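*Asks:* Mind looking over this structure? Questions follow.
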Amino acid sequence: MPKAKIPATGEGYLGEIMVHKITRAVGVVDGVVEAKAGWPPQISLKLKDGSFKKGRLSDFREPTSAEREQISAV
């Protein structure tokens, strides 16, 4: 059964595979700062090379099947 993800608060995204929209970097969500008082949720994405991409939840998207295979092959 899949986890329930709540985009309004950022709850449920920890450990999910996501893609940075601008750089198309694929990684796993390492940290989530949940939304509070009108501020959007922020996540940090850990990439394959060990670096991080941080930003608002709207800066990231769900991966395609090819992108999902790319991260699971490692």
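The values are calculated or read from the model by the stated rules, or taken from the named source; none is laboratory data. Values in this document were obtained by computation on a predicted structure and should not be read as measured data. Backbone-built Cβ (ideal geometry, glycine too); neighbour counts: all protein chains shown. Ligands, DNA and RNA are stripped out before the accessible areas are found, and what is left, the full protein with its side chains, is counted by its heavy atoms. Shrake-Rupley method; radii C 1.70, N 1.55, O 1.52, S 1.80 Å.
*Asks:* Quick check on segment 35-58: of everything there that is among the polar types (S, T, N, Q) and part of a strand (DSSP E or B), which residue is nearest to Gln70 (Cα to Cα)?
*Replies:* In this case the residue turns out to be Ser44.
*Asks:* I need the full set of residues from segment 51-74 which are among the small types (Gly, Ala, Ser) and exposed (fewer than 13 other Cβ atoms within 10 Å of the Cβ), in order please.
*Replies:* The answer is Ser51, Ser58, Ser65, Ala66, Ser72, Ala73.
*Asks:* Taking segment 3-50, which residues are open to solvent by less than 80 Å² (accessible area, probe 1.4 Å) and charged (D, E, K, R)?
*Replies:* Once the filter is applied, which keeps residues that are open to solvent by less than 80 Å² (accessible area, probe 1.4 Å) and charged (D, E, K, R), segment 3-50 yields Lys5, Glu16.
*Asks:* Could I ask something else about it? Is there a residue in segment 12-34 that is part of a loop (DSSP other than H, G, I, E, B) and farther than 23 Å from Gln70 by Cα?
*Replies:* If we filter segment 12-34 for residues that are part of a loop (DSSP other than H, G, I, E, B), which is where we start, we get 12-16, 21-25, 34.
Still in the list and also farther than 23 Å from Gln70 by Cα: 34.
Within segment 12-34, one or more residues are part of a loop (DSSP other than H, G, I, E, B) and farther than 23 Å from Gln70 by Cα.
*Asks:* Phe52 versus (1) within 13 Å of the chain's Cα centre (by Cα); (2) within 16 Å of Ala8 (Cα to Cα): which is the lone unmet condition?
*Replies:* It is condition (2) that Phe52 fails.
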